[in-house]
Amino acid sequence: MQSGGSLVRIHPDFIGTGSAPTMKVSEKYFWNLFSFTQDMASVYILFSEELNKYYIGSTTVSIEDRLKKHLSNHKGFTGRAKDWLLVYSEEYSDKQDALIREKQIKSWKSKPMTENLIKKTSTN
């Protein structure tokens, strides 16, 4: 992990079903878990069961707001499904560190490595 990043632990009520965790926590608790200040940046991983695909991204807005955009009607990759779930997140103190980490994860081009990252976090 790049220096300056802090891992966001996935709540124990995330349980694995198939290849993606499922959330079983209240929506209010879930979004409070991922709130942060304006100067923060996050790297996140979404999963769509419909597509059986992961999406890796970074943002300087709240993950809740970013997820709403992914779930909206648009022509991008995430617009192809409406079941995206947040399965992983890391917080950084600046945008550049988050972009470096996002590129690192994307460079793996490996679903098993991505799933291992998610699994390691949910079991800690």
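None of the figures in this text is laboratory data; all of them are computed from the coordinates on show. None of these values were measured; they are calculated from a predicted model.
Give me the tail of P(r) for segment 63-124 as a percent: Cα-Cα pairs with distance above 18 Å.
Working: 965 of 1891 pairs.
Distances greater than 18 Å cover 51 percent of the Cα pairs.
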Residue pairs, from the table Lys69/Lys106; Lys53/Lys120; Lys68/Lys95; Lys95/Lys120; Lys75/Lys120; Lys53/Lys119, whose Cα atoms sit over 22 Å apart: Lys95/Lys120; Lys75/Lys120
